[in-house]
Amino acid sequence: LKAYYKEINLKQANVLDEKQIKKSKFDYVCVIDYEATCTENKIENYPHEIIQFPVVLVDMKELKIVDEFDSYCKPVINPKLTKFCTSLTGITQVNVNCI
(Lines give C-alpha, C1' and ligand atoms only; values in the text may rest on other atoms or scores of the structure.)
Protein backbone atom coordinates (compact mmCIF):
# COMPACT_ATOMS: atom_id res chain seq x y z
CA LEU A 1 0.00 0.00 0.00
CA LYS A 2 2.85 2.37 0.89
CA ALA A 3 4.52 1.72 -2.50
CA TYR A 4 1.22 2.38 -4.27
CA TYR A 5 0.85 5.79 -2.64
CA LYS A 6 4.48 6.64 -3.35
CA GLU A 7 3.88 5.89 -7.03
CA ILE A 8 0.74 8.08 -7.02
CA ASN A 9 2.72 10.91 -5.39
CA LEU A 10 5.50 10.58 -7.97
CA LYS A 11 2.95 10.87 -10.77
CA GLN A 12 1.39 13.93 -9.14
CA ALA A 13 4.85 15.51 -8.83
CA ASN A 14 5.34 14.93 -12.57
CA VAL A 15 8.30 12.66 -11.87
CA LEU A 16 6.41 9.89 -13.64
CA ASP A 17 4.99 11.99 -16.48
CA GLU A 18 5.02 9.81 -19.63
CA LYS A 19 6.00 12.73 -21.90
CA GLN A 20 9.03 13.46 -19.72
CA ILE A 21 9.92 9.77 -19.62
CA LYS A 22 10.27 9.56 -23.39
CA LYS A 23 12.74 12.45 -23.24
CA SER A 24 14.59 11.09 -20.22
CA LYS A 25 18.29 10.35 -20.56
CA PHE A 26 18.16 8.16 -17.46
CA ASP A 27 17.12 4.55 -17.07
CA TYR A 28 16.56 4.98 -13.34
CA VAL A 29 16.17 7.86 -10.89
CA CYS A 30 16.28 7.96 -7.10
CA VAL A 31 13.63 10.04 -5.39
CA ILE A 32 14.45 11.18 -1.86
CA ASP A 33 11.92 12.62 0.58
CA TYR A 34 13.60 13.55 3.86
CA GLU A 35 11.59 13.95 7.04
CA ALA A 36 12.86 16.28 9.76
CA THR A 37 12.10 17.31 13.31
CA CYS A 38 9.40 19.95 13.59
CA THR A 39 7.18 21.86 15.97
CA GLU A 40 3.58 22.93 15.65
CA ASN A 41 4.37 26.60 16.20
CA LYS A 42 7.03 28.32 14.17
CA ILE A 43 10.11 28.87 16.31
CA GLU A 44 12.71 31.27 14.94
CA ASN A 45 16.04 29.56 14.23
CA TYR A 46 14.64 26.13 15.10
CA PRO A 47 17.30 23.59 14.06
CA HIS A 48 15.47 21.01 11.90
CA GLU A 49 17.25 17.66 11.92
CA ILE A 50 16.73 14.79 9.50
CA ILE A 51 14.91 11.90 11.16
CA GLN A 52 14.07 9.76 8.13
CA PHE A 53 15.94 9.09 4.93
CA PRO A 54 13.56 7.33 2.52
CA VAL A 55 14.50 6.67 -1.12
CA VAL A 56 12.68 4.98 -3.98
CA LEU A 57 14.35 3.77 -7.18
CA VAL A 58 12.16 4.44 -10.21
CA ASP A 59 12.52 2.57 -13.51
CA MET A 60 11.98 5.41 -15.97
CA LYS A 61 11.06 3.15 -18.89
CA GLU A 62 8.49 1.07 -17.00
CA LEU A 63 7.32 3.92 -14.75
CA LYS A 64 7.50 1.68 -11.71
CA ILE A 65 9.14 1.77 -8.33
CA VAL A 66 11.63 -1.10 -8.42
CA ASP A 67 13.30 -0.75 -5.03
CA GLU A 68 13.06 1.14 -1.76
CA PHE A 69 15.41 2.16 1.01
CA ASP A 70 14.39 3.62 4.34
CA SER A 71 16.51 4.58 7.33
CA TYR A 72 15.85 6.59 10.47
CA CYS A 73 18.28 9.08 11.97
CA LYS A 74 18.39 10.01 15.65
CA PRO A 75 18.27 13.78 16.17
CA VAL A 76 21.04 15.18 18.34
CA ILE A 77 20.07 18.79 19.11
CA ASN A 78 16.42 18.01 19.89
CA PRO A 79 16.45 14.24 20.52
CA LYS A 80 12.86 14.07 21.76
CA LEU A 81 10.28 14.28 18.97
CA THR A 82 7.29 16.55 19.53
CA LYS A 83 3.78 15.10 19.48
CA PHE A 84 3.15 17.30 16.45
CA CYS A 85 6.15 15.84 14.61
CA THR A 86 5.02 12.27 15.31
CA SER A 87 1.48 13.12 14.24
CA LEU A 88 2.65 14.81 11.03
CA THR A 89 5.25 12.27 9.92
CA GLY A 90 4.09 9.05 11.57
CA ILE A 91 7.63 8.64 12.92
CA THR A 92 7.74 7.67 16.58
CA GLN A 93 10.37 8.13 19.24
CA VAL A 94 10.95 4.37 19.14
CA ASN A 95 11.83 4.62 15.41
CA VAL A 96 14.58 7.16 15.96
CA ASN A 97 15.81 5.66 19.24
CA CYS A 98 16.56 2.31 17.58
CA ILE A 99 19.53 3.78 15.72
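What the table below lists for this structure:
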quantity	calculated
Candidates N45, N9, N14 - the one that is at pLDDT below 95, within 18 Å of P79 (Cα to Cα) and among the polar types (S, T, N, Q)	N45
Single condition D70 does not satisfy, out of (1) touching a helix residue (DSSP H, G or I) at 6+ places or on another chain (Cβ under 9 Å); (2) among the acidic types (D, E); (3) under 15 Å from K6 (Cβ atoms)	(1)
The lone exception for L63 - which of (1) over 14 Å from E35 (Cβ atoms); (2) open to solvent by 50 Å² or more (accessible area, probe 1.4 Å); (3) not polar (S, T, N, Q) it fails	(2)
Among the candidates V31, V76, V56, V96, residue that is out of contact with any helix residue (DSSP H, G or I) (no Cβ under 7 Å at 6 or more places or on another chain) and open to solvent by less than 100 Å² (accessible area, probe 1.4 Å)	V96
Hits in the range 34-48 (condition: surrounded by 11 or more Cβ atoms within 10 Å (Cβ to Cβ) and of a type in the set (D, E))	E35, E40
Tally, over the range 46-99, of residues that are outside any loop (DSSP other than H, G, I, E, B) and among the hydroxyl-bearing types (S, T, Y)	5
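The values are calculated or read from the model by the stated rules, or taken from the named source; none is laboratory data. Source: prediction; values computed, not measured. All Cβ positions, glycine included, derive from the backbone under ideal geometry; neighbour counts span all protein chains shown. In case anyone asks, the SASA skips ligands and DNA or RNA and just uses the protein heavy atoms, side chains included. Shrake-Rupley method; radii C 1.70, N 1.55, O 1.52, S 1.80 Å.
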